[in-house]
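Down below is the structure, laid out as structure tokens.
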């Protein structure tokens with residue numbers, strides 16, 4: 001049930017004017033319209049803004065207008081892009097696209113997922129998170145801070161979106177999978193100064209789905225680019241452990257759903273296997289699907305015609321068992 005308290009908090013944390021728009025590329029022609037509803041995460045500047053600040057830039061990497069592939073860098077206004085379903089099922093999903101912590105890949109792991117999942121009834125919030133290598137203070141925690149703040153704002157506005165505050169899950173891909181797994185394991189970590197009534201709400205997702213996720217920060221398993229951008233050069237063993245989600249799994253970690261391809265040459269599937277083992281050891285419900293073929297970054301478009309294309313249906317069935325959907 002949507003409580004009176006949640007509705008009140010929603011009004012306190014509620015409508016903010018002049019929200020940051022969806023990124024555009026000069027001259028682009030989109031066959032599918034972008035959503036126009038966005039939510040800025042922070043009033044004013046995001047915490048730890050560098051000087052000079054990064055400049056947001058969007059690059060279209062596809063030459064096929066039917067398959068846009070925009071990459072965004074320099075995000076100084078972290079925000080959510082909202083995909084509303086025609087018939088809401090009362091649940092929401094926070095979706096963090098990948099991009100190796102060098103960019104946020106908004107189409108194939110963000111907007112495509114927003115359209116697919118909202119068609120199944122979820123209200124979907126695609127996260128434009130800050131990139132740790134762009135000069136932010138507390139670099140290793142800026143994306144987690146954005147994810148925590150996003151979860152709290154979604155719950156604060158639950159009444160507005162017709163969702164139940166408890167029924168908010170998280171999903172992420174590649175480096176966005178690290179954001180998702182970090183949120184699942186460190187949802188209660190204090191990584192930013194609380195600023196308003198929304199921050200009284202929990203950041204813990206009801207369930208979490210890191211998909212072909214960067215997880216380990218140990219050099220033996222880590223995706224080198226993501227590790228360096230997140231942690232900087234020569235991080236200590238304590239810093240590596242603090243930002244490896246498998247090392248932070250506890251009984252408070254929500255149920256976990258994972259998908260990985262055995263032929264992933266970018267992020268070794270052992271990242272997901274190690275995370276599964278940590279969940280099992282802590283008594284956390286976990287489901288891992290390993291597919292022989294799929295490579296890295298398949299999302300939906302890259303899975304077409306392969307057995308791995310089943311993964312969204314597998315996720316939907318799994319999510320329902322935990323009341324998410």
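Coordinate-derived values only; no laboratory data. As the structure is a prediction and not an experimental result, all values here were calculated from the model.
Using only the Cα atoms of the stretch 230-277, build the gyration tensor, take square roots of its eigenvalues as a ≥ b ≥ c, and label the shape rounded, prolate or oblate: rounded if a/c is under 1.5, else prolate if a/b is larger than b/c, else oblate. Please list the in-between numbers first.
On the way: a/c = 2.83, a/b = 1.16, b/c = 2.44.
Oblate, because a/c is 1.5 or more while a/b does not exceed b/c.
Of (1) 0.98; (2) 0.91; (3) 1.40, which one was derived for Cα Rg over 2.2 N^0.38 Å from the structure shown? So the calculated entry is the one marked (2). Rounded, prolate or oblate for the stretch 137-219? Axes are the square roots of the Cα gyration tensor eigenvalues, ordered a ≥ b ≥ c, and the cut-off for rounded is a/c under 1.5. Note, shape of the stretch 137-219 comes out oblate. Give the separation of the Cα centroids, the stretch 283-312 to the stretch 184-199, in Å. The distance from the Cα centre of the stretch 283-312 to that of the stretch 184-199 comes to 31 Å. Normalising by the residue count of the stretch 245-284, find the relative contact order in percent from Cα pairs under 8 Å and 6+ residues apart. With pairs under 8 Å counted, the relative contact order is 63 percent. Full extension of the segment from residue 77 to residue 63, taken as 0.36 nm per residue of separation minus the current Cα-Cα distance, would add 2.3 nm.
Spatially, the stretch 244-262 and the stretch 131-155 are offset by 19 Å when compared through their Cα centroids. When a/c is below 1.5 the answer is rounded, else prolate if a/b is larger than b/c, else oblate, so apply that to the stretch 41-127 with a ≥ b ≥ c taken from the square roots of the Cα gyration tensor eigenvalues. Oblate, since a/c reaches 1.5 and b/c is not below a/b. Computed on the chain, with alpha-carbon pairs under 8 angstrom and 6+ residues apart, the relative contact order is 16 percent.
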